[in-house]
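Student: After the structure tokens below, expect a handful of questions from me.
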Amino acid sequence: MKIEFVMMYWAVILLFWNVCVAASEGLTCSVPALCEGPRTGEIKYSIIGHRNASGHWISRLQFDHEAGHTQGPWQVAIDQSMVLCGNKKYIHVDANIVVPPSRTHNPDYALVPGQGYYKYHSGGVTWDEARRKCEQEGAHLAIMNSEAEAKALAALITSGSWAHIGNWDTQKKGKFLTIFNQPLDEAGYNKWHPGEPDYPGVQNCGLLNPNSLLGNTPCELKFPFICEF
């Protein structure tokens with residue numbers, strides 16, 4: 001499986017709906033056409049709205065998706081904003097639910113509860129070799145999405161050394177991204193060992209040390225590595 005086409009997380013659905021706010025009695029709100037569009041058989045959702053006795057509009061979103069063998073916790077983010085259209089007000093609610101991919105458990109990978117499945121390779125290889133090895137196992141070089149995950153992965157490092165992970169500087173300008181081209185801040189973890197990253201254009205591949213801090217190294221140097229399934 002080519003790593004360029006593998007996403008660590010996939011957005012299951014992005015829902016938008018409007019709750020009508022108006023003075024006239026008996027006003028009925030309609031669900032936008034998005035809810036009537038194509039949906040996969042694995043996703044079920046419904047939006048129910050009504051006006052109570054005090055005149056308040058009450059809307060309820062119900063979302064169901066089979067969890068399967070997901071490798072980590074779901075991420076749920078909800079935001080709202082007020083929109084004026086002519087003489088009407090609309091409350092725009094944006095719900096974003098991200099679910100880790102469903103995968104069959106690989107017995108060679110150890111489960112870290114609340115995080116995912118990982119495998120520590122103690123043999124030293126170059127960063128490119130580590131990346132290919134993870135791909136051959138149907139996985140990818142580990143990416144940290146939180147400090148808790150970084151500490152969990154650091155605890156796997158038994159050699160007392162650094163380990164290759166899924167960060168790199170593709171443009172060789174000192175700006176590190178994950179192997180899925182996501183800035184480290186957006187990915188969720190960006191804590192570096194003092195003085196690093198350094199030597200942009202020379203040390204372009206990412207490392208993790210036993211203290212859960214990030215580092216960078218020339219890609220041709222050999223280190224142990226961590227794969228994430």
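Coordinate-derived values only; no laboratory data. Values in this document were obtained by computation on a predicted structure and should not be read as measured data.
Student: Hey, got the Cα dimensions of segment 136-175 along the principal axes, in Å, largest first?
Tutor: Cα extents, longest axis first: 31, 25, 21 Å.
Student: Now, a different point. Could you tell me the relative contact order of segment 123-196? Use alpha-carbon pairs under 8 Å, at least six residues apart, and round to a whole percent.
Tutor: The value is 28 percent.
Student: Please state the equivalent ellipsoid semi-axes for segment 97-226: what are the square roots of 5 times the Cα gyration tensor eigenvalues, largest first, in whole Å?
Tutor: 22, 16, 14
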